[in-house]
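Asker: What follows is a structure written as structure tokens; I'll ask about it next.
The values are calculated or read from the model by the stated rules, or taken from the named source; none is laboratory data. Predicted model only: the values in this text are computed from it and were never measured. Here Cβ is always computed from backbone atoms with ideal geometry, including for glycine, and neighbour counts include all displayed protein chains. For the accessible areas, the whole protein counts, side chains as well, though only heavy atoms, and no ligand, DNA or RNA atoms are used. Shrake-Rupley method; radii C 1.70, N 1.55, O 1.52, S 1.80 Å.
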Amino acid sequence: SVNCVFEVVNKGDIPLIILGVHVNCGCVKATHSKESIKPGDSGTVTATLFPKGQSGRFLKTIYVYTNTTPRKNIVRLKAFITEPKKKQ
């Protein structure tokens, strides 16, 4: 598996609330900061890619829903997975 942590910075004047995350593929799991993010502070969206024995290029979309306008924000996870070297 491959983990990636995206930092979410609140540049607004009110607390930022991540309402939820949704992924476009079953091979990705995403989680997010559960507490509201005060102005000037940051939180995280963490994505884990499970390539299931596949290799090559991956481009996965993570939809982050917040109390902002627009409500839906997009984060993309790009990865290039190679096969592990075989033991001799």
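Asker: Please report, ordered by residue number, the strands (runs of 3 or more DSSP E) entirely within segment 19-85 with at least 3 residues that are β-branched (V, I, T) and modelled with pLDDT of 90 or more.
Answerer: 42-49, 56-66
Asker: Please go through segment 3-41 and give me each residue that is in contact with a strand residue (DSSP E or B) (Cβ under 6 Å, 6 or more places away or on another chain) and open to solvent by 60 Å² or more (accessible area, probe 1.4 Å), ordered by number.
Answerer: Matches in segment 3-41: N3, V5, E7, V9, L19, H22, N24, K29, T31.
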